[in-house]
Each structure stands twice: as C-alpha cells, then as structure tokens.
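To keep things clear, I will list the structure first and then write my remarks on it.
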Amino acid sequence: MSIWLVWLLIAVVMFIIEIFTPGFFSACLGIAAAINAILVLIFPNMSTILQIVIFSILSILSFITIRPFALKYLYKKSNNIGTNADGLIGKRGRIIKPITPSSYGSLKIYGDELMALSEDGSPIEEGSEVEIIKLDGIKVVVRKVN
C-alpha cells in the first residue's frame with residue numbers, strides 16, 4: 001500500500017471519528033492528514049520523519065486557523081434552550097379555579113388544566129382571562145388581561 005493511501009485512510013478515519021465526537025478536534029487532524037496525503041502523492045520520495053513533521057505543523061495550523069472558525073459558525077450554541085412548555089409563555093387562558101394570595105388557582109389552556117399563581121400575588125377570580133408570564137416548576141405565573 002502506498003504511503004499516501006495510508007495518510008488518506010487516516011484522514012477518512014479522523015472525519016468519521018468527528019461525526020461521533022463533535023468539537024472539530026478530529027476534523028483538524030483529518031484535514032492535516034488529507035493535505036499530507038496530497039503532498040506525499042506529489043513528492044513520493046519524502047522521508048517518514050518529514051511527513052510526520054509536516055503533519056504536526058499542519059495539525060497545529062488547522063487548530064489555530066480552522067477550528068475557531070468552525071466552532072463559531074458550524075457549532076452554534078443557544079443560551080436560550082427551551083422546552084415545549086416554554087411555548088406557553090405569552091399565551092392566554094381562562095381561570096377555572098380562583099387564585100388567592102394563600103392558594104394556587106387553576107388555568108385552562110388548550111384543554112389542559114395547569115396550576116397557576118398571579119404575578120403580583122393579587123387574587124384573580126374564576127372566568128378571568130389571563131396571560132402566562134413565566135413557568136415556575138409545574139405552575140404557571142399569570143397576569144390578568146384587561
């Protein structure tokens with residue numbers, strides 16, 4: 001087997017590993033191995049030591065130049081990771097059990113009953129239309145709509 005094929009195989013393995021371990025670490029090594037394979041194909045008499053030195057330099061360069069770019073644009077992270085329940089915020093429903101300062105009430109929205117408490121601790125009577133302000137565990141915090 002030609003040595004350039006070995007470098008190409010290393011590159012392919014690194015890209016496959018990257019699929020299972022995000023962070024663009026293995027991909028940087030794969031890029032360096034692929035470039036090294038091309039160089040060995042162009043210069044077939046290159047010594048093994050020189051190939052390893054070039055691979056090391058290319059790996060460091062790809063970590064310095066390509067990895068920050070890839071992490072910034074390819075691996076977008078959201079600080080606002082919501083759940084399905086977060087979709088209730090801003091929605092309106094009806095109070096079916098009054099909210100008092102000393103106890104929770106009940107809110108009916110989309111056919112579901114949720115425990116509710118008022119935003120400012122004020123009582124809200126049965127039949128009032130309210131807007132969900134935020135989630136508090138399994139309860140919703142609501143504000144009366146005028």
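Each reported figure results from applying straightforward, stated rules to the coordinates on display, with no laboratory input. Every value quoted in this text rests on a predicted model; they were computed, and no experiment measured them. Here the Cβ positions follow ideal geometry from the backbone for every residue, glycine too, while neighbour counts run over all protein chains shown.
Here are some notes:
- In a reduced charge model with +1 at each Lys and Arg Cβ and -1 at each Asp and Glu Cβ, the chain shows a dipole moment near 260 debye about its Cα centre.
- Among residues other than Ile133 with Cβ under 9 Å from its Cβ, the summed charge is 0 (Lys and Arg +1, Asp and Glu -1).
- Neighbours of Ile96, meaning other residues whose beta-carbon lies under 14 angstrom from its beta-carbon, give a summed charge of -1 when Lys and Arg score +1 and Asp and Glu score -1.
- For the range 17-146, the relative contact order works out to 17 percent when only alpha carbon pairs closer than 8 Å and six or more residues apart are counted.
- Dipole of the chain, positive direction: furthest Cα of Pro123, Phe24, Gly90, with charges on the beta-carbon: Phe24
- Potential extension, Asn45-Arg92 segment - 0.36 nm per residue separation minus Cα distance: 9.5 nm
- Compactness of the range 3-73 is given as radius of gyration and Dmax, 12.2, 39 Å, from Cα positions.
- Theoretical gain in end-to-end length, Thr21 to Asn146 [0.36 nm per residue, Cα-Cα removed]: 39.8 nm
- Estimated distance in nm for a label pair at Leu135 and Ser102, the labels positioned 7 Å out from Cα along Cα-to-Cβ: 3.1
- Residues of type aspartates and glutamates that Lys134 reaches as a straight line, Cα spacing below 19 Å, ignoring anything fewer than 8 places off in the same chain: Asp86, Asp112, Glu113, Glu119, Asp120
- Averaging 1/r across all pairs of distinct Cα atoms in the chain and inverting the result yields a Kirkwood radius of 19.9 Å.
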